Amino acid sequence: MSLLSRLQNDQVVSPVITKEAATSRYLDIVYRIHREIIREMGQESLNNRKREDIESKIRGISDTIFESEYDNLPRSEREVILNQVIDEVLAYGPLSPLLRDDSISEIMVNGPKQVFVERRGKIEKVKVVFRDNLHLHTVIERIISPLGRRLDESSPMVDARLPDGSRVNAIIPPLAINGCVLTIRKFSKNLLKTADLIRNNTMSSHMAKFLEACVKGRMSMIVSGGTGAGKTSTLNIISGFIPHDERIITIEDSAELVLNQEHVVTLETRPSNIDNRGEVSIRDLVRNSLRMRPDRIVVGEVRGGEALDMLQAMNTGHDGSLSTAHANSPRDMLSRLETMVLMAGMEMPMKAIREQIASAIDFIVHQSRMSDGTRKITHITEVVGMETDIITLQDIFIFDQTGIDERGRVQGRHRATGIKPKCLDKLKTAGIIIPDEFFA
């Protein structure tokens, strides 16, 4: 039976689509056309055809259905539905327009009927919905299946990334009560540069020059901050200061760092397979990297026992290494490092752990997301050493918040504390001179 004959037999009366009902009503039509495309072409045929051929076939089938069932639809609405069908067949369904929107930095799907996005640091709800939980689960499977990842009752959580580098996390029932939950941290197409952070008032020009001098002088640093504070972006910029004649090894759960140096080796973790075998962790990669003759090791984020291996690397000739970690302040960062070292399972006295930290880490760069959505480096803090059993810190640069204006924007300024860093002599021996007025 021809497509037109089937449609005439199945024909339904379609009401005029009102603006209020457009979102859900469009979804029904998209589903109707999508089912017919699968019935006409078959899923296997879709996977083996060129994109141009599939789009042409989609347009032909859609036009037939429009004329048969929805002839009262204006041309503009038909084009919107057609684009949604193409996204459903060839991309990530309702997520596709959000992924194409460069103003969106994060997508948060809380079940099939509730989607939020982050724009310019602010979270807002959008009028994007999925048909049901199965539809959302299908889209998630489409994201993770090319990466060899799986999401089912035996493995209900997954971390993955899109081809453009965007980070993906998904969790499904029974762990997620309201249905499948999907979070996508989008990878910016236009990578931020030092000048962008200065222009956005994330840091001052003196802070940027000081960080550049510290990286070139092989100071080891941890970039700390909360979720969404911009740690990875800052780490990417700081890593860009590493000289081009050094061998750099980057280690991440999902490869996000993009370095312009020529001699860069990128390593990425691997989850276990269906038999619970084959997992390669951050800690495994840090250990292996020590046998790869690195000048610098850049770990995307330390969150467990790999902190011990990272500290030992910094203390055994790999100074100038960089990483990020979650913390609420520079002092909290030290407590987090102590906890993570204990997670390695080594029986070590607390004093020995603190001595390792004080010897390995030179600076903590703390970054925060402010109430207006902006990101700011609030502290550049030097790790001075040990006094009795306590690690001594001193702030070199801080951000002083003075208030909030009538538009809700955070007011304040970055300033030096007046303390000269202890590392100045070490930098001077490396031929790096920092003017005294930087710290005035």
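What follows is calculated from the coordinates using simple rules that are stated; it is not laboratory data. Computed from a prediction, not measured in an experiment: that's the story for all the values here. In this analysis, Cβ positions are derived from the backbone assuming ideal geometry, glycine residues included, and neighbour counts consider all displayed protein chains.
With springs connecting C-alpha atoms under 10 Å apart, model the chain as a Gaussian network and identify which of Asp53, Asp400, Asp253 has the largest mean-square fluctuation.
It is Asp53.
With an 8 Å cut-off on Cα pairs and a minimum separation of 6 or more residues, tell me the relative contact order of region 194-439 in percent.
20 percent
Using 1/(1 + (r/R0)^6) with R0 = 41 angstrom and r between the beta carbons of Asn178 and Leu290, what's the FRET efficiency to the nearest 0.05?
Efficiency for this residue pair is about 0.40.
Please state the charge dipole magnitude for the chain, taken about the Cα centre, from unit charges on C-beta atoms (+1 on K and R, -1 on D and E), reported in debye and rounded to the nearest 20.
540 debye
Is the shape of region 313-440 rounded, prolate or oblate, going by the alpha carbon gyration tensor and its root eigenvalues a ≥ b ≥ c, with a/c under 1.5 for rounded and a/b larger than b/c for prolate?
Oblate is the answer for region 313-440, as a/c is 1.5 or above yet b/c matches or exceeds a/b.
I want the local charge near Pro330. Using Cβ-Cβ distances under 10 Å, sum +1 for each Lys or Arg and -1 for each Asp or Glu among the other residues.
-2
Rounded, prolate or oblate: which fits region 384-430 when a ≥ b ≥ c are the square roots of the eigenvalues of the alpha-carbon gyration tensor, with rounded for a/c under 1.5 and prolate only if a/b beats b/c?
Taking the square roots of the gyration eigenvalues as a ≥ b ≥ c, region 384-430 is oblate.
Can you tell me the relative contact order of the chain? Whole percent, Cα pairs under 8 Å, sequence separation 6 or more.
Value for the chain: 10 percent.
Loop only per DSSP, at most 15 neighbouring Cβ atoms within 10 Å: give me the GluC sites (Glu not before Pro) in region 340-395, ordered by residue number.
Within region 340-395, the qualifying GluC sites (Glu not before Pro) (loop, at most 15 other Cβ atoms within 10 Å) are Glu347.
Show log10 I(q)/I(0) for region 96-185 at q = 0.12, 0.18, 0.22 Å⁻¹, two decimals, from a solvent-free Debye sum over equal Cα scatterers.
Debye curve over Cα of region 96-185, log10 I(q)/I(0) at q = 0.12, 0.18, 0.22 Å⁻¹: -0.34, -0.77, -1.14.
Towards the positive end of the charge dipole of region 77-208, with charges on Cβ (+1 Lys, Arg; -1 Asp, Glu), say which of Cys180, Met157, Val168 has the farthest Cα.
My answer, from the dipole projection, is Val168.
Could you please report the charge total around Tyr92, scoring K, R as +1 and D, E as -1 over all other residues with beta-carbon less than 11 angstrom from its beta-carbon?
-1
Taking K and R as +1 and D and E as -1, what net charge do the other residues with C-beta under 13 Å from the C-beta of His137 add up to?
-1
Using the crude model of +1 on Lys and Arg Cβ and -1 on Asp and Glu Cβ, and no other charge, please compute the dipole size for region 96-185 relative to its Cα centre, in debye to 20.
With only Lys, Arg, Asp and Glu charged at Cβ, the dipole is about 240 debye.
Output needed for the chain: three equivalent-ellipsoid semi-axes, defined as square roots of 5 times the C-alpha gyration tensor eigenvalues, in descending order, whole Å.
50, 25, 19
For Val280, Val168, Val109, what's the fewest-to-most ordering of other Cβ within 10 Å of each Cβ?
Val280, Val168, Val109
Of the options Val223, Val80, Ala430, report the single residue whose Cα projects farthest towards the positive end of the charge dipole of the chain (beta-carbon charges: Lys, Arg +1; Asp, Glu -1).
Final value for the positive-end residue is Ala430.
Gaussian network model of the chain, Cα springs within a sub-10 Å range: biggest mean-square fluctuation belongs to which of Leu95, Leu134, Leu337?
Leu134
By count of other Cβ within 10 Å, fewest leading, how are Phe187, Phe210 ordered?
In increasing order of surrounding Cβ atoms, one gets Phe187, Phe210.
Among Ile251, Ile54, Ile380, rank each residue by its count of other Cβ atoms within 10 Å, from fewest to most, as a rough exposure measure.
Sorted ascending by nearby Cβ count, the order is Ile54, Ile380, Ile251.
Compare Gly225, Gly304, Gly278 in a GNM of the chain, Cα atoms joined below 10 Å, and give the one with the largest fluctuation.
Between Gly225, Gly304, Gly278, it is Gly278 that shows the largest mean-square fluctuation.
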